[in-house]
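Presented below is the structure to which this report refers.
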Amino acid sequence: MSEKDDLQQALMLLQAGKRKEAAAQLLNLESRVKDKLLRLQTIGLALSVLDPIEDNKKLLLFSEEAIKTSQRFGDKDWQANFMSRKADLLMNKISLLRYHQKNLKLASGWIEFSTEADKQKYITLTSEIEKCEKEVSDLLTRALAFAEESGNQEALGNVFMSKASVESSRYMQYKMECMVGGFRTALWANFRLMRYPFFENLLIFPGAKGRMLEKLLDESTKASLKAAMIFEKLNDVTAGYTYYNLANHLKTAYRFRAATAFLKKAKSIADKHNELPLQNNIEVLKGAITVKNKDIPDYINGEVGRDL
Amino acid sequence: MAKNKPTKQHYVPQCYLREFADPTIPPNKEPSIWIFSKKGKNQRREKIKNTLASNDLYTLKVHGQKNYVIEETLASLEGKYAAVFRTKIKNRLPLNEEEHIILCAFVSVMLQRTLRHKDNLEQFYSELIERAEFIEKAHNLPPKESVRLKRFKQDAHKLNVFGLLPDITELLMKMGVAFLCANGSAKFITSDDPCNLFNPDLQWQKFYGPGLGQKSVQVTLPLSPDIMLCLSWSNLRGYIGLGNERVNESNRMIVGHCYRYFVSHSKKTKMIWFFRYPLNPIFLFKVVRRRVRTWIDELRFRYKFRYVRKR
């Protein structure tokens, strides 16, 4: 079988919902494909198929290679696309780094590090986070400029989609940062009611923190809506996926009414294009919204979600 | 010459107890601590050099001669720990790797050197000896094994203090280090068995004991009235300020875990230290719920086996 056929087969496996098999096929193909264009296509597909958390390192390397290759080809659409994807992947890395960083100063009455090893680890993590954050902002700005320059609406839509994902990650990370223990965190952790926007803004994150969170959420929503509008104009099914992602993010932020409204839009697009994987995902998300986030697995204690 | 021999040996080191000395005693006088029986009675002020000590506790007998190598090694470790405490922990500064090792080695020794550990170990050997003697008698065998066990029992505790030191220290090094600092007026107390293992997951049953490898275990050791060490596998790290309520709750645990005595820097005690359960309504509700369930289960069991004859 030729390499092109292998890529085609991987695509078919993905469309059939066999994600793991598609990922294995793509990794196998990536190790042997030499043709630059085919390699770019393989990486492009791998970025959508591989697990962004488990295979984060691999995906970052792929996206870096793809940026360089597309730059050599002089293809600004591809370059913008891979840059925005890399920014998105870097946010996953930052989330993990922030989690480790936060664990070193977790207690509410924290005064000082107990060991120099912990202190050194904290400094290293902080500088790495800052470096990654700068790279994310830089990548997104350049990707947006390239996409606008090329005039390719699909590329622009993809960049906005990645931007929405980045802002959504920033929202979650900032929320985690605001949880510094004490009475408010205990309230938020123990009473679900406190996680709804009204109580969250009133009691848990009053003032500047709350405003910052709202701003990040707004930016994520705006970017998602821009991407969705572009894809809708192009009559592309990706608009459905964009609405789905937005609904998912709003559900995580306990904005269930808005999430339901966007999920309805995603469903109408999925039905119009007869997109089975999206239709299935929408059903699952609808269930999660109905139970109001009570089905979130305990990831820290080893439980895994439906998607893993 | 005989005067220099360390025959009086402390099972809770003097350098450690000095941190709990009564601050009202002028510096030109011998430092003293307030010592109480487990139930809070018989409170008395005692000089540190005379308290929580026993004669020849760690002295080995080699060819009929007394050997103080264990006591001397312990003294050397205590000296190093005291320096770490004075220069770093007291000033709330992060420990470097060597200081971290010294602290863990000190904790490891504190886990094993106490009278409670000695009594438990000797009781275990006594049971073994009794069983061996019974078997030897029943089979008309010469008392070989029982004599060997008796010899082991003699030095078991002394050798055990250092026998497990490398392994326990290595394990403790992997745990997160937290120094809990008393911020308010309440201060930490200590006891004759100051280093404790506690696993909250096991508190509802009596079969399993806490162990260093358990996920939720925490090793606590009050280092001074202001600071308590807490080693755990969780993310509790750093110098952490504690309010009065938490400090008193820790003191309640210390009194609960002490062997015979607990020690304080002042003669004042708090009623909460002697309560069996914490004064937390949710916890108390759990206790009551558990008691009721056990009671119902017992009644069910009795009813189910009501026709079984008692022996």
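The values are calculated or read from the model by the stated rules, or taken from the named source; none is laboratory data. All values derive from a computational prediction rather than experimental measurement. Methodologically, a virtual Cβ is constructed for each residue, glycine included, from the backbone with ideal geometry; neighbour enumeration extends over all protein chains shown.
Which residues, counting only those in the range B:87-119, are of a type in the set (Asp, Glu) and within 14 Å of another protein chain (Cβ to nearest Cβ)?
Answer for the range B:87-119, where residues must be of a type in the set (Asp, Glu) and within 14 Å of another protein chain (Cβ to nearest Cβ): B:GLU97, B:GLU98, B:GLU99.
Can you tell me which residue within the range A:79-117, out of those that are more than 7 Å from every other protein chain (Cβ to nearest Cβ) and of a type in the set (Lys, Arg), is nearest to A:ASN245 (Cα to Cα)?
Filtering the range A:79-117 for residues that are more than 7 Å from every other protein chain (Cβ to nearest Cβ) and of a type in the set (Lys, Arg), the one nearest to A:ASN245 (Cα to Cα) comes out as A:ARG85.
Being more than 14 Å from the chain's Cα centre (by Cα), part of a helix (DSSP H, G or I) and within 14 Å of chain B (Cβ to nearest Cβ) is the requirement here; does A:GLN120 meet it?
Judged against the criteria, A:GLN120 is a match.
State all residues of the range A:1-17 that are within 28 Å of the chain's Cα centre (by Cα) and closer than 18 Å to A:LEU37 by Cα; if no residue qualifies, say none.
Residues satisfying the conditions are A:ASP6, A:LEU7, A:GLN8, A:GLN9, A:ALA10, A:LEU11.
Name the single residue that is nearest to A:ASP75 (Cα to Cα) among those in the range A:132-155 being loosely packed, with under 14 Cβ neighbours inside 10 Å and under 19 Å from the mean Cα position of the chain (by Cα).
A:THR141
Please pick out the residue among A:ASP75, A:ASP51 that is free of Cβ contacts under 8 Å to residues at least 12 places away in the same chain, within 26 Å of A:VAL166 (Cβ to Cβ) and not hydroxyl-bearing (Ser, Thr, Tyr).
A:ASP75
Given the conditions (1) modelled with pLDDT under 95; (2) under 14 Å from the mean Cα position of the chain (by Cα); (3) within 14 Å of chain A (Cβ to nearest Cβ), which single one is not true for B:MET228?
All conditions are met except number (1).
Going by what's in this entry, would B:LEU212 be described as of a type outside the set (Asp, Glu), part of a loop (DSSP other than H, G, I, E, B) and within 14 Å of chain A (Cβ to nearest Cβ)?
In short, no.
With respect to A:ASN81, determine if the residue is surrounded by 20 or more Cβ atoms within 10 Å (Cβ to Cβ) and either in contact with an Asp or Glu (Cβ under 9 Å, 6 or more places away or on another chain) or farther than 15 Å from A:LEU139 by Cα (or both).
yes
Right, B:ALA75: among the small types (Gly, Ala, Ser), farther than 22 Å from B:VAL219 by Cβ, part of a helix (DSSP H, G or I) and more than 23 Å from the chain's Cα centre (by Cα) or not?
No.
For the range B:188-201, indicate whether the set of residues that are within 14 Å of another protein chain (Cβ to nearest Cβ), within 17 Å of B:PHE20 (Cα to Cα) and touching a residue at least 24 places away in the same chain (Cβ under 8 Å) is non-empty.
Within the range B:188-201, none of the residues are within 14 Å of another protein chain (Cβ to nearest Cβ), within 17 Å of B:PHE20 (Cα to Cα) and touching a residue at least 24 places away in the same chain (Cβ under 8 Å).
Step by step: first the residues of the range B:169-179, then only those that are of a type in the set (A, V, I, L, M, F, W, C) and either surrounded by fewer than 19 Cβ atoms within 10 Å (Cβ to Cβ) or touching a Pro at 6+ places or on another chain (Cβ under 9 Å) (or both), then the one that is farthest from B:LYS61 (Cα to Cα). Which residue is that?
B:MET173
Starting from the range B:35-46, take each residue that is farther than 20 Å from B:ARG276 by Cβ and list its partners that are surrounded by 13 or more Cβ atoms within 10 Å (Cβ to Cβ) and aromatic (Phe, Trp, Tyr), counting only C-beta distances under 7 angstrom and pairs at least six apart or across chains.
B:ILE35/B:TYR261; B:ASN42/B:PHE36; B:GLN43/B:TRP34; B:GLN43/B:PHE36; B:ARG45/B:TRP34
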